[in-house]
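Student: Got a structure for you, questions after.
The values are calculated or read from the model by the stated rules, or taken from the named source; none is laboratory data. Source: prediction; values computed, not measured. Counting neighbours? That spans all protein chains shown, and the Cβs are built from the backbone with ideal geometry, glycine included.
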Amino acid sequence: MATLRKPSVGDGRLQVKKLALIGAGKLGEGLLAGVLRSGFVPPARVEVTVAHAERAEQLAEKYGVRAHTSNARAVAGADLVILALKPQQVKGFLHEARPHLGKQALVISAAASVTTALIERQLGHAARVIRAMPNTPCLIRHGMTALAPGRHATPENVETAREIFSSMGRVVVVDEKHMDAITGLSASGPAYVYLIIESLAEAGVKLGLPRDLSTELSAQTLLGASALVLETGEHPAKLKDVVTTPAGCTIDGLLELEEGGLRVTLIKAVVRAAERAKQLVENQNT
Ligand SMILES: NC(=O)c1ccc[n+]([C@@H]2O[C@H](COP(=O)([O-])OP(=O)(O)OC[C@H]3O[C@@H](n4cnc5c(N)ncnc54)[C@H](OP(=O)(O)O)[C@@H]3O)[C@@H](O)[C@H]2O)c1
């Protein structure tokens, strides 16, 4: 199923004649910056669309790309289309783009809850579609992106998508049936982690530490512990045991966490978010 891969910069195999990035909001602008930073596609070959002309002007000035509000113009001649629209905007876009989009173009959609089947159906041909579920740390190259290829995506298409998102962090390729779980875990996950960082920092404040110091200690602790899991490949329980000296301090802290139900609460949080993702998929795709 999933493959774990360290972040790596593209190996230069990516050949894109024209990239159309549809929707450059919070996520889309991050993807645009990532693609340009990685050097896969020069700005002259990138066309970006948004809903508002003033926003287009800002993006054109900031990134040196062509930016406007015409999706039909953007997708014409594009061999790569990245969708970073809100889910409810996708059907309208596909209707608009359909007559202008080349049959061989690769469409990578980062719109939550929109299936590859829906995009294929709306485009009305054997469209090459890949669904991507990134998360916000992609903005600083520490992201986690899951890719799910549609029925007609080729292995080369998957490699193209992998190369793009690898420039923003880790990438896994999964079966699309796992996308709801992934939405609840790694796409929503940064929000849960911020709550944990904030709570640990509050604990430091309670114990008399200055807030900024406490936040730094807390955030770096999560970063370091996470890196140890990924770099050693060890089971987290084993790494926890290393910290937990018999009759030491950590075991007392762990007892409090178990009594407070942290483990069950986190499991339930992810399950609830995944259920909501499934519900949104059903609403979007009927
Ligand atoms: N944020 C995350 O952590 C995250 C993670 C994974 C996936 N996603 C998915 O990414 C998608 C975008 O989310 P977001 O938070 O980036 O939303 P957002 O900030 O609202 O961005 C939407 C963008 O789409 C543009 N737009 C609206 N209608 C358009 C149209 N018809 N044609 C072209 N552009 C249009 C908007 O233009 P204006 O700027 O002019 O209004 C805006 O730039 C969503 O489907 C979300 O589920 C987000």
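Student: Are any of the residues in the stretch 92-107 among the β-branched types (Val, Ile, Thr), under 30 Å from Leu223 (Cβ atoms), in the same structural domain as Glu47 (by TED's automatic domain parsing) and part of a strand (DSSP E or B)?
Tutor: no
Student: Could you figure out which of (1) within 10 Å of the ligand (Cβ to nearest atom); (2) assigned to a loop (DSSP other than H, G, I, E, B) isn't true of Gln88?
Tutor: Gln88 satisfies every listed condition except (2).
Student: Among (1) near the ligand (Cβ under 9 Å from one of its atoms); (2) in a loop (DSSP other than H, G, I, E, B); (3) under 19 Å from Leu32 (Cα atoms), there is one condition Ala78 misses while meeting the rest; what is its number?
Tutor: For Ala78, the exception is condition (1).
Student: Right, here's the next one. When the stretch 14-31 is examined, which residues are found to be within 13 Å of the ligand (Cβ to nearest atom), among the aliphatic types (A, V, I, L, M) and not in a loop (DSSP other than H, G, I, E, B)?
Tutor: Ala20, Leu21, Ile22, Leu27, Leu31
Student: Right, next: Looking at the stretch 131-146, which of its residues are within 12 Å of the ligand (Cβ to nearest atom) and either outside the structural domain of Lys26 (by TED's automatic domain parsing) or touching a strand residue (DSSP E or B) at 6+ places or on another chain (Cβ under 9 Å) (or both)?
Tutor: Scanning the stretch 131-146 gives Arg131, Ala132, Met133, Pro134, Asn135, Thr136, Pro137, Cys138, Gly143, Met144, Thr145, Ala146.
Student: Would you be able to tell me the number of residues in the stretch 91-117 that are under 15 Å from the mean Cα position of the chain (by Cα) and within 11 Å of the ligand (Cβ to nearest atom)?
Tutor: Selection size over the stretch 91-117: 6.
Student: Given the criteria in a loop (DSSP other than H, G, I, E, B), touching a helix residue (DSSP H, G or I) at 6+ places or on another chain (Cβ under 6 Å) and crowded, with 21+ Cβ neighbours inside 10 Å, does Val114 qualify?
Tutor: yes
Student: May I ask you to say which residue of Ala187, Ala273, Ala277, Ala181 is under 21 Å from Val114 (Cβ atoms), surrounded by 13 or more Cβ atoms within 10 Å (Cβ to Cβ) and at pLDDT below 95?
Tutor: Ala277
Student: Would you confirm whether any residue within the stretch 157-173 is within 16 Å of the ligand (Cβ to nearest atom), touching a Gly at 6+ places or on another chain (Cβ under 6 Å) and not in a strand (DSSP E or B)?
Tutor: Our first condition is that a residue be within 16 Å of the ligand (Cβ to nearest atom); within the stretch 157-173, this holds for 161, 164-165, 168-172.
With the extra rule that they be touching a Gly at 6+ places or on another chain (Cβ under 6 Å), the set shrinks to 168-169.
If we keep only those that are not in a strand (DSSP E or B) too, we end up with 168.
Yes, there is a match, as at least one residue in the stretch 157-173 is within 16 Å of the ligand (Cβ to nearest atom), touching a Gly at 6+ places or on another chain (Cβ under 6 Å) and not in a strand (DSSP E or B).
Student: Can you tell me which residues in the stretch 32-66 are more than 16 Å from the ligand (Cβ to nearest atom), within 25 Å of Glu96 (Cα to Cα) and of a type in the set (D, E, K, R)?
Tutor: The one that is more than 16 Å from the ligand (Cβ to nearest atom), within 25 Å of Glu96 (Cα to Cα) and of a type in the set (D, E, K, R): Arg45.
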